[in-house]
Amino acid sequence: MGEKPTSWVEQMCRHLAEVERETTEQLGELERGFFVNVANDCTDIGFAVSQAYPRKVNLVLHTGWGVFKEATWFQFLFVSGNYPLLLSRLRYVWEAVFRAYFVENYPFRNSPSSWVAPGRSAAKKLVWLEEHGRALDWNRCMEPVLRAVFPLADSEPEVREHYRRRWGELHKYVHASAYLAGRMVGKSALHLSDKFDRKWAKECVAIAREVFDLVWMAVLGHHPMAADRMHRLSGEYPVLKRVFEKMNES
């Protein structure tokens, strides 16, 4: 009998293991394990919400729990050198959690007066999101939620502008932009194969730190009693790190 054929997954992972090895050797501990920490934080936050709000089910919690699977795949994509797909999914997670917060807390100031509020059940809220999905852009959804969950963004125009630019930057990875096409044929030639790119890898972590800062603000902002049960987060998120440091000091 002949040898058992090697599966496609085994062949692919054998190649990607070399990319992971270089990623691990070239980056620091906090960078190479960042998305593992995100997955751990997702679990900690989810349990804190479940303990603080037993038997409470809402779209923010549901979407937040889904971040765990996303984060585990993010780690795989990251150590495999698939930075464009990782960045496009970061934008998806950001939008998914903010939309969940938006529908659970609707209406916001400046919400269209012609929009009827969503029903109370999760099913009706999903129908409402489907009906208004195309209109839930930066101005109507993302910025209002940003201002609701991050007080500094509400009071400081330059903070809002920073995240608006970040949102626009990630848009380049969602569609077939000229920017992405040009970058893919650069020095690392990532349009041909998965490789480690030091600059792109560090950029992914820097952007992800900001995105998950906002994602966790939204989840904890919708469940404030859960935030009181948290003492720290594993990931290095710029804003939340300082928030928890101050909480622990007091």
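Scanning region 114-135 for residues that are of a type outside the set (S, T, N, Q) and outside any helix (DSSP H, G or I) yields a total of 6.
The listed residues are 91, 32, 99, 109, and the only one of them that is surrounded by fewer than 18 Cβ atoms within 10 Å (Cβ to Cβ) and either of a type in the set (D, E, K, R) or farther than 30 Å from residue 179 by Cα (or both) turns out to be 109. In region 201-250, the qualifying residues are those that are among the hydroxyl-bearing types (Ser, Thr, Tyr) and free of Cβ contacts under 8 Å to residues at least 60 places away in the same chain, and the one that is least open to solvent (accessible area, probe 1.4 Å) is 237.
Checked against (1) in contact with a helix residue (DSSP H, G or I) (Cβ under 6 Å, 6 or more places away or on another chain); (2) more than 22 Å from residue 66 (Cβ to Cβ), residue 111 passes all but a single condition, namely (1).
Applying a threshold of 6 Å to beta carbon distances and a minimum spacing of six or more residues, or different chains, the list of pairs starting in region 35-54 at a residue that is in contact (Cβ under 8 Å) with a residue 24 or more places away in the chain and ending at one that is open to solvent by 10 Å² or more (accessible area, probe 1.4 Å) and part of a helix (DSSP H, G or I) reads 35/75; 36/75; 39/68; 39/72; 42/68; 49/61; 52/225. In region 3-21, the qualifying residues are those that are among the basic types (Lys, Arg) and assigned to a helix (DSSP H, G or I), and the one that is most open to solvent (accessible area, probe 1.4 Å) is 14. For region 214-250, filtered to residues that are more than 13 Å from residue 41 (Cβ to Cβ) and either hydroxyl-bearing (Ser, Thr, Tyr) or outside any helix (DSSP H, G or I) (or both), the residue that is modelled with the lowest pLDDT is 250.
Exactly one residue out of 102, 74, 98, 78 is on the phi < 0 side of the Ramachandran plot, touching a Pro at 6+ places or on another chain (Cβ under 8 Å), in a helix (DSSP H, G or I) and in contact (Cβ under 8 Å) with a residue 40 or more places away in the chain, and it is 102.
Scanning region 154-192 for residues that are open to solvent by 60 Å² or more (accessible area, probe 1.4 Å) and closer than 12 Å to residue 88 by Cα yields a count of 6.
Selection of region 136-149 for residues being open to solvent by less than 30 Å² (accessible area, probe 1.4 Å) and not in a helix (DSSP H, G or I) yields only 136. Number of residues in region 66-84 that are open to solvent by 80 Å² or more (accessible area, probe 1.4 Å) and of a type outside the set (Phe, Trp, Tyr) equals 1.
Residue 173 passes every criterion in (1) at pLDDT 95 or above; (2) within 23 Å of the chain's Cα centre (by Cα) apart from (1). Of the residues 24, 43, 63, which is under 21 Å from the mean Cα position of the chain (by Cα), surrounded by fewer than 19 Cβ atoms within 10 Å (Cβ to Cβ), polar (S, T, N, Q) and outside any loop (DSSP other than H, G, I, E, B)? Step by step, each of 24, 43, 63 is checked, and only 43 is under 21 Å from the mean Cα position of the chain (by Cα), surrounded by fewer than 19 Cβ atoms within 10 Å (Cβ to Cβ), polar (S, T, N, Q) and outside any loop (DSSP other than H, G, I, E, B).
The values are calculated or read from the model by the stated rules, or taken from the named source; none is laboratory data. It should be emphasised that the depicted structure is a prediction, and the values quoted were computed from it without experimental measurement. Note: ideal-geometry Cβ built from the backbone for every residue, glycine included; neighbour counts use all protein chains shown. Heads up: the accessible areas ignore ligands, DNA and RNA and are worked out on the full protein's heavy atoms, side chains in. Shrake-Rupley method; radii C 1.70, N 1.55, O 1.52, S 1.80 Å.
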